[in-house]
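Here is the structure we will look at.
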Amino acid sequence: MPDTSPNLVLPYLMPSQAQKHVTHNEALQLLDAVVQLTVEAFGATTPPAAGQVWALGPSPGGAWAGQGRRLAARIGGDWVFIDPLEGWRAWGRAEAELRVWRGTLWDRLPLQNLDGLGIASVYDTTNRLSVTS
C-alpha cells in the first residue's frame, strides 16, 4: 500500500505508526487548502505577509524560489508547496475568475467573456443567450 492517496497526495495512517493524529491533522490541513480551491492570485512571484493559497508564476522569488507553477499554502506559519493536478479548478480572488490547471498553466475557461451563447440556435446583439429546445 502506498503512503499517500493518489489524487491529493494526502498521507495515509499506517498500522504501526505512532502519533497518528499528526498525520491526520496534516491531511486535514492539505484538504483545507485545496478543496474548493480559492487562490489569492494567479502568477504570484513574491511571498506576501498574508493570504492562504497562491498560484505561483514560473519564477517566484524569496521563500518561494524554486517552486514555480506550484500552489503555495500558508499552513501553521510555514509555506507548504502543492503540485496541482491536471483538471483542478481554482477561483482567483484578485482576478475574480475561475481557471483550470492544464498541466503547465492556469487557463481561463473558454466560456468566460463570450459575446453570446446559442444552444441549438444563434445568438444576436439583442438576444445574447438564445436557446431552442
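Does residue 130 satisfy the condition of being surrounded by 10 or more Cβ atoms within 10 Å (Cβ to Cβ), touching a Gly at 6+ places or on another chain (Cβ under 7 Å) and either of a type in the set (S, T, N, Q) or under 22 Å from residue 32 (Cα atoms) (or both)? Please lay out each step first, then the result.
On the way: surrounded by 10 or more Cβ atoms within 10 Å (Cβ to Cβ): yes; touching a Gly at 6+ places or on another chain (Cβ under 7 Å): yes; either of a type in the set (S, T, N, Q) or under 22 Å from residue 32 (Cα atoms) (or both): yes.
Yes.
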Within segment 43-79, residues assigned to a loop (DSSP other than H, G, I, E, B), at pLDDT below 95 and either among the hydrophobic types (A, V, I, L, M, F, W, C) or crowded, with 17+ Cβ neighbours inside 10 Å (or both) come out as 47, 49, 50
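Can you tell me how many residues within segment 27-36 are in contact (Cβ under 8 Å) with a residue 40 or more places away in the chain and crowded, with 17+ Cβ neighbours inside 10 Å?
First, pick out the residues of segment 27-36 that are in contact (Cβ under 8 Å) with a residue 40 or more places away in the chain: 29-30, 33-34.
Cutting the leftovers down to crowded, with 17+ Cβ neighbours inside 10 Å gives us 30, 33-34.
Residues flagged as in contact (Cβ under 8 Å) with a residue 40 or more places away in the chain and crowded, with 17+ Cβ neighbours inside 10 Å within segment 27-36 amount to 3.
From the list 2, 11, which one is modelled with pLDDT of 75 or more and in contact with a helix residue (DSSP H, G or I) (Cβ under 6 Å, 6 or more places away or on another chain)? Lay out the reasoning, then the answer.
Details: 2 fails: in contact with a helix residue (DSSP H, G or I) (Cβ under 6 Å, 6 or more places away or on another chain).
The conditions single out 11.
If we keep just the residues of segment 95-116 that are surrounded by 13 or more Cβ atoms within 10 Å (Cβ to Cβ) and not charged (D, E, K, R), which is modelled with the lowest pLDDT? Before you say what the answer is, go through the steps one by one.
Step one: of segment 95-116, the residues surrounded by 13 or more Cβ atoms within 10 Å (Cβ to Cβ) are 95, 97-101, 105-106, 108, 116.
Imposing the further condition that a residue be not charged (D, E, K, R) reduces the set to 98, 100-101, 105-106, 116.
Working: 98: 92, 100: 95, 101: 96, 105: 95, 106: 96, 116: 86.
Here the answer is 116.
The values are calculated or read from the model by the stated rules, or taken from the named source; none is laboratory data. Keep in mind that this is a model prediction, so the values were computed, not measured. Don't worry about glycine lacking a Cβ; one is built from the backbone with ideal geometry, like all the others, and counts go over all protein chains shown.
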